[in-house]
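The block underneath contains the structure these notes are about, expressed in structure tokens.
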Amino acid sequence: MAESSDELFAFEDEAPADGMAGVRRAAREWKVLVVDDDADVHQATLFALQDVQVFGRSISFLHAHNAAEARRCLLDTPDLALVLLDVVMETENAGLELVDFIRNEAGLTATRIVLRTGQPGYAPEHETILRYDINDYKTKSELTRHKLLTTLTTAIRSYEQICAIEAHRSGLELIVRSSADFMEEGGLHTFAQGVITQLAALLGTQPEGLVCAQVERGGREYRVLAAAGQFSALIDRPLDTLPDADVRALLERSLQRHENVFSPAGVALYVGYRNGSDMAVFIDTQQTPESTDRSLLDVFCFNIGNLLRNRHLMQRLHEFAFYDQLVGLPNRASFVDALDRQIAAGAEGHALALVDIDDFSATNDVMGHRFGDLLLSAVAQRLRESLPLHTVLARIGSDIFGVLGPKAEVNPDALMAAARVPLNIEGIAHKLSITCGYVQLQSDASAGVDLLKDASIALKRAKKDHKGHYVTFSAHLGAEARARALMLAELRAAFETERLYLVYQPQVDLSTHELIGLEALIRWRTEDGRFVPPDQFIPVAERSGLMAPLGQWVMTSACMMMRDLLDLGLAPRRIAVNVSVVQLQDPAFTDHVAQALTVSGLEGRHLELEITESVAVLPTAYLETTLAGLRAQAIAIAIDDFGTGYSSLSYLERLPLDRIKIDRTFVRQITEAKGPRIAEMVTQLGRKLGLKVLAEGIEDASVWAALVAMGCHDGQGYHIARPMDKEQLLAWLRQRRDGPAAE
């Protein structure tokens, strides 16, 4: 029995022996089944058609004398071309019931049916002929030898055409399905092995063959990538060393002419695409393929050529997706994948290190991007040379490398030591400094991205506190990072829902008690009424990118407050606003200040900007230009928390400053033994430089008096007034205006 159309070809290692393509190749005769309960009919048919050939093939007759015999024969005989069937046998409907069996139960859709009867009155209806795809209906009396041969020839031609169509359909279906299979294959060797399997299925033969392909894309050397059957031992052999001269000649001819070659010794198929890779496939067949098969093979080779091109494209895309082209190492995505694989295999006993090149951005800016690229490549090579080959080394970020391997081999001390030897870059000895974040993998590790996050946390801490050294990740570091992340989320929400607000602390002349200014201070009250100190959330805002919009809001709100006080006749000389280093780094900062003044209608003389000594990290020329531009608008500049940062005398002399603020830490020490010395020194320094000096944190009259005695000009603190919101401040200002001066 012929298989159904979906089972004509196998997709794996073998094709079914009774597949349609295999049948047409193996069968060199037409099989005709004669079904009739009259023995004379069988004899007459044999006598009339003996030694007859149709389309170059002889006829093999099978005989059944009743419906039961016919059913067995139909199920046991593949590639049956024709059934000559008596309409009436044991019963009136026996013939038509057998027709239904042929089409619906045996599934022989290609087999042709010719009905014969000795009783014309039993002719089937036209609808029945159409429904069961019956080729012809004849009475036995009119089937002379000539008419019987004509009927037979017509039916066999129809059968052959149906088989050809079915072969095309099934072959094309195989090609489509195999395309999906090929795209899922892992490597070129597996791809080549799949080509052999699919071609053997298409040709209806055993997978006996081999595939030769270029060793390098565009090269001239070909090697055996895959082989099956008797050729299995030839894998990885050069094409010109194949022992079978006929096979070698066929493959070479196919590759030289870029075409398929058919011969009795086998089939050599060319697969390739213009300006790209190509391959030749040899399949050992017993005979030369027919024209139908050749057309299918042309389609198959064209399709495989496209797939080969797509595979190269996918390979290139994979390289770009998982491979860093500059330094020749896996990238972050590939490294995370390696971490996940290590977790699946067992993480305990392994370690992860992130290696960061210190001051790489500055080196890149000074020496140029080409030098920076060479430096990255040299560092990658140095790390690779210092690590065992089986450790994983990848480029994680612009100047960060990741290392994964056993603890004994991923040793941060060894990595630091390897970096101490200067690198030779175009004849220049470059001394390298690196900082590392180190993580020891645990058995409960869950995901590669989480481990990389832990290593990043350790690296950030090392860059902040231990530059040029390494920090090992701990649960404490992780808890701190999570707390900062949570605070950032809450801070963003607070900013968007206006739970941040300003308070104002008065500043007075210590000698005259005159109100000279207000300092605007930001405050955060959470939804549950809890206050978060600025020294906790301001650093989070600075690291997250929130500082710029937050600082702009503070600047505008403070200026608007000053505008209201001016309109009410309660304003001091100026309002002071703290400015972060992050804000000063923004090239648009001066424009933001000008915008705040314009919106509020203030003049520059009403505004003072307080910067900390940490601005010393900014380029001097940039800082001087920025501050000079602000001073040109009559905006005052003060150094906040003086003495706690990076101050130097030359730094103070270069910058256009108006005021120094003594940090509250030094002010509180005034009443202690030897306590006033730093406050006195800062006061004297300010006076020598022609700068006003303001003391923060004045909490009692004795400190006030001491500051006046040492020559400090101005002050602020709880003894003068606490920070107040707008309503409290207005009440305080009115009371001060209407009552006696505060002592």
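Per-structure values
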item	result
Selection within region 533-559 - under 39 Å from the mean Cα position of the chain (by Cα) and hydrophobic (A, V, I, L, M, F, W, C)	Phe537, Ile538, Val540, Ala541, Leu546, Met547, Ala548, Leu550, Trp553
Among residues of region 401-421, those that are under 14 Å from Leu326 (Cβ atoms) and surrounded by fewer than 21 Cβ atoms within 10 Å (Cβ to Cβ), counted	0
Flag if Leu255 is part of a helix (DSSP H, G or I), among the aliphatic types (A, V, I, L, M) and modelled with pLDDT under 85	no
Which numbered condition Thr435 misses (of (1) surrounded by fewer than 19 Cβ atoms within 10 Å (Cβ to Cβ); (2) at pLDDT 90 or above)	(1)
Some residue of region 365-375 being basic (Lys, Arg) and modelled with pLDDT under 90	yes
Test for Arg309: is it modelled with pLDDT of 75 or more, in contact with a strand residue (DSSP E or B) (Cβ under 9 Å, 6 or more places away or on another chain), in a helix (DSSP H, G or I) and assigned by TED's automatic domain parsing to the domain that holds Val271	no
When residues of region 691-738 are limited to those that are of a type in the set (Asp, Glu) and in contact with a His (Cβ under 9 Å, 6 or more places away or on another chain), the one farthest from Tyr504 (Cα to Cα)	Asp700
Cβ-Cβ under 7 Å pairs, at least 6 apart or on other chains, region 474-495 side within 19 Å of Ala445 (Cα to Cα), far side of a type outside the set (Lys, Arg)	Leu477/Ile457; Leu477/Ala458; Gly478/Asp454; Gly478/Ile457; Ala481/Ile457
Failed item, numbered, when Val708 is tested on (1) closer than 23 Å to Val577 by Cα; (2) in contact (Cβ under 8 Å) with a residue 60 or more places away in the chain; (3) out of contact with any helix residue (DSSP H, G or I) (no Cβ under 8 Å at 6 or more places or on another chain)	(1)
Complete set of residues in region 647-662 that are in contact with an Asp or Glu (Cβ under 7 Å, 6 or more places away or on another chain) and modelled with pLDDT under 90	Ser647, Arg654, Leu655
Test set (1) charged (D, E, K, R); (2) closer than 30 Å to Gln716 by Cα; (3) assigned by TED's automatic domain parsing to the domain that holds Glu409 - Asp454 fails condition number	(2)
Verdict on Val355 being under 18 Å from Ser334 (Cα atoms) and in contact (Cβ under 8 Å) with a residue 60 or more places away in the chain	yes
In region 324-342, residue modelled with the highest pLDDT [restricted to those that are more than 20 Å from Lys453 (Cα to Cα) and surrounded by 17 or more Cβ atoms within 10 Å (Cβ to Cβ)]	Leu329
Test: residue in region 533-541 that is assigned by TED's automatic domain parsing to the domain that holds Ala634, within 22 Å of Leu623 (Cα to Cα) and either among the aromatic types (Phe, Trp, Tyr) or without any contact (Cβ under 8 Å) to a residue 40 or more places away in the chain (or both)	yes
Output for region 365-381, where each listed residue is touching a residue at least 24 places away in the same chain (Cβ under 8 Å) and of a type in the set (A, V, I, L, M, F, W, C)	Phe371, Leu374, Leu375, Leu376, Ala378, Val379, Ala380
Filter result (assigned to a helix (DSSP H, G or I) and over 13 Å from Thr590 (Cα atoms)) within region 615-637	Val615, Ala616, Val617, Thr620, Ala621
Lone unmet requirement of (1) out of contact with any Gly (no Cβ under 9 Å at 6 or more places or on another chain); (2) surrounded by 16 or more Cβ atoms within 10 Å (Cβ to Cβ); (3) modelled with pLDDT under 95 for Gly517	(3)
Any hit, region 579-590, residues being under 54 Å from the mean Cα position of the chain (by Cα), in a strand (DSSP E or B) and modelled with pLDDT under 95	yes
Subset tally (residues that are in a helix (DSSP H, G or I) and under 19 Å from Ala81 (Cα atoms)) for region 42-59	5
One residue from Leu685, Leu707, Leu694 being more than 60 Å from the chain's Cα centre (by Cα) and either buried (at least 18 other Cβ atoms within 10 Å of the Cβ) or modelled with pLDDT under 95 (or both)	Leu707
Segments classed as strands (runs of 3 or more DSSP E), wholly inside region 382-429, with at least 1 members that are in contact (Cβ under 8 Å) with a residue 60 or more places away in the chain and among the aromatic types (Phe, Trp, Tyr)	400-406
Cβ-Cβ under 7 Å pairs, at least 6 apart or on other chains, region 53-82 side within 23 Å of Leu149 (Cβ to Cβ), far side basic (Lys, Arg) and assigned to a strand (DSSP E or B)	Ser60/Lys31; Leu62/Lys31; Thr77/Lys31; Asp79/Lys31; Leu80/Lys31; Ala81/Lys31; Ala81/Arg112; Leu82/Arg112
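Here's the yes/no breakdown for (1) of a type in the set (A, V, I, L, M, F, W, C); (2) within 27 Å of Val615 (Cα to Cα):
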| position | (1), (2) |
| --- | --- |
| Ala481 | yes, yes |
| Ala494 | yes, no |
| Arg499 | no, no |
| Pro506 | no, yes |
| Trp524 | yes, yes |
| Arg530 | no, no |
| Pro534 | no, yes |
| Ser557 | no, yes |
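The values are calculated or read from the model by the stated rules, or taken from the named source; none is laboratory data. Keep in mind that what you see is a predicted model, and the values were worked out from it rather than measured. Here the Cβ is made from the backbone with ideal geometry for all residues, glycine too, and neighbour counts use every protein chain on show.
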